[in-house]
C-alpha cells in the first residue's frame, strides 16, 4: 500500500538509482550486497504499485508486489547470518528462502489470491486473501516475518556489541537502524494490520527512501575499510 502511483514510481526510480550507484562505484563487500539486494527488491515492490495502476493486468502486479515484500525478511536474515557467522555455514543459510518460495507458489497458483486492487487519485491499495485461505498458512507467514526480523536484529546486535573497529561498528549501527526503517514498518503495515482487516494507505514509500539513504551511508563507511 502506498500513496499515489506517481510517488510509487518516483520511489522505485530513486531506489534503483541508488542501488546501481552502490553496485558500480563502491566495494563488492557482503554489506553492500546486502543493501543493494534489499534496495532493488524494495524498488521492485514500489514499481509493482505503479504498474498496478497503469497496466491492464493489475492482479499480476499485485501478486508480484506480495512476492517482493515476502522475500524482504529472508534476504535480510540470509545476508546478516552470513555477515555474523563463518563462511562454511553459507549453504545452510540458503534454507531460509524455503518459506518465501512456498508463499510465492501459493500466490501464483491461488486463483483468488488477490481480493481487491484499488488505484485512485491519491492511494494505491492491493489486498490478498492470505488470511482468509487458511489460518495455519497466515499464522506461519506472520511468524516467519516476525521471527526473521527478530533474528536479524539479534545477529547484528551481537556482532555490534563484540566489534572493536570503530568504522565497522558504525556500519553495524547503520544496519541495525536500517532494519527498523524497512522491515519493522513492513511487518506492521503489510502483515499485522492486514491480518486484523485494517487497511489504509501506508507511508511505506517514505521508509523505503530512508533505507536507501542508509545504504549510501553504509557504502561510504565501508569504502574506508581495507580491501
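For the structure I just gave you, tell me whether residue 47 is within 13 Å of residue 222 (Cβ to Cβ) and either buried (at least 21 other Cβ atoms within 10 Å of the Cβ) or under 19 Å from the mean Cα position of the chain (by Cα) (or both).
It is false that residue 47 is within 13 Å of residue 222 (Cβ to Cβ) and either buried (at least 21 other Cβ atoms within 10 Å of the Cβ) or under 19 Å from the mean Cα position of the chain (by Cα) (or both).
Can you tell me which residue is surrounded by the fewest Cβ atoms within 10 Å (Cβ to Cβ) among those in the stretch 93-108 that are closer than 25 Å to residue 53 by Cβ and over 18 Å from the mean Cα position of the chain (by Cα)?
108
Given the structure, is residue 186 assigned to a helix (DSSP H, G or I), crowded, with 20+ Cβ neighbours inside 10 Å, at pLDDT 70 or above and in contact with a helix residue (DSSP H, G or I) (Cβ under 9 Å, 6 or more places away or on another chain)?
The answer is no for residue 186.
The values are calculated or read from the model by the stated rules, or taken from the named source; none is laboratory data. Model, not experiment: these values are computed from the prediction. Cβ atoms come from the backbone with ideal geometry, glycine included; neighbour counts cover every protein chain shown.
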